[in-house]
Each structure stands twice: as C-alpha cells, then as structure tokens.
1. Based solely on its DSSP helices, what 222 nm [θ] is calculated for the chain when runs of n ≥ 4 H residues each add -39,500 (n - 2.57) and the sum is averaged over all residues, nearest 500 deg cm²/dmol?
2. Non-local amide H neighbours of L78 (under 5 Å, H modeled in plane, Pro and chain starts lacking H): which ones?
3. Using the count of nearby Cβ atoms within 10 Å as a rough guide to exposure, how do Y41, Y17 rank from fewest to most?
4. When a footprinting reagent is the concern and you count Cβ atoms within 10 Å, what order do V30, V80, V49 take, fewest first?
5. Among L18, L112, which comes first, then next, by fewest other beta-carbon atoms within 10 Å?
6. Using the Karplus curve 6.51 cos²θ - 1.76 cosθ + 1.60 with θ = phi - 60°, work out ³J(HN,Hα) for each residue of region 87-98 in order, rounded to whole Hz, and write x for Gly and Pro.
7. For semi-axes √(5λ) of the Cα gyration tensor in Å, several values are listed as (1) 19, 17, 14; (2) 26, 19, 13; (3) 40, 36, 9; flag the one computed from this structure.
Amino acid sequence: MKGRICIIDHDLASRGYLRECLEKEGHDVVTWDNGLKAMPYLFEGNFDVFILNVETPGVREKDLIFEIGKTRQPRILLTVTERGDAFLKEAIHLGVYGFIHKPFRAEEICTLVSHLTRRTK
C-alpha cells in the first residue's frame with residue numbers, strides 16, 4: 001500500500017533524490033526545506049511517514065517531533081551523516097522510528113518506507 005510522505009530537508013539534492021525514488025514507488029510526497037515552515041501543515045497533511053534531515057533548520061527542536069507525534073500514527077525517519085550524534089538517542093525517546101544514513105541507497109529507503117506505510121494503514 002502506498003502512503004503519503006513528508007520530507008523536510010534543507011538540501012535540495014537530497015530532498016529531490018528522496019522524492020524521486022519514493023514517487024517512483026507510487027507514494028504521494030510533499031517536501032519542505034525548513035521544519036518551522038512545515039509546522040502549520042502537519043495536521044492537514046495526513047502523512048504516514050516523515051523523513052527529516054537532522055541538519056535542517058527547525059528539525060532538531062523537540063517541538064517538531066512532538067507535534068508530529070500528535071498526528072495519526074506517524075512514523076518518523078531521520079536522515080543523518082554522522083553516527084553517535086547525541087541528539088539521535090534523544091530522538092528515539094521522542095518517537096523517531098529509525099535512521100537513514102547517507103549516502104542514500106534508493107532500494108533501502110523504498111523498502112523501509114513501504115514497510116512503514118503498510119504498518120500505518
């Protein structure tokens with residue numbers, strides 16, 4: 001089953017790559033380049049999966065992940081470049097489901113997102 005995916009990533013190339021690979025799989029994808037800009041739309045979008053880049057403005061703030069947690073059964077994935085970031089441990093406690101490490105692998109991302117969208121329906 002295909003899902004509605006929200007990508008919040010400041011990097012145009014990464015955001016475009018994720019969008020393209022997920023749209024090829026039939027997912028409906030919405031993107032933003034800033035977590036603060038996305039906040040007003042979180043409840044309207046009925047998103048199944050959120051993919052957030054930890055380096056994007058407005059993403060590390062706990063309020064964003066907390067607000068996402070109020071939506072219907074969301075699954076949150078964080079894209080990261082470094083392992084061992086102290087925020088990642090805290091993010092798990094805030095409800096983050098998992099991590100996507102760079103460099104991206106399209107097959108891995110699509111498999112993970114497809115698994116998560118099946119779990120939300």
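Any read-out appearing in this document is the output of simple, stated calculations on the displayed coordinates, not a laboratory observation. Since we're looking at a predicted model, the values are computed, not measured. No Cβ is skipped: glycine too gets one built from the backbone with ideal geometry, and neighbour counts run over all protein chains shown.
1. Value at 222 nm, helices only, nearest 500: -11500 deg cm²/dmol.
2. L52, G98, F99, I100
3. Y41, Y17
4. Numbers: V30 14, V80 19, V49 25.
Ordered from fewest to most neighbouring Cβ atoms within 10 Å, V30, V80, V49 come out as V30, V80, V49.
5. On the way: L18 26, L112 18.
With the fewest neighbours first, L18, L112 line up as L112, L18.
6. For region 87-98, the Karplus curve yields 5, 5, 5, 5, 4, 4, 5, 8, x, 5, 7, x Hz.
7. Identified label for the calculated read-out: (1).
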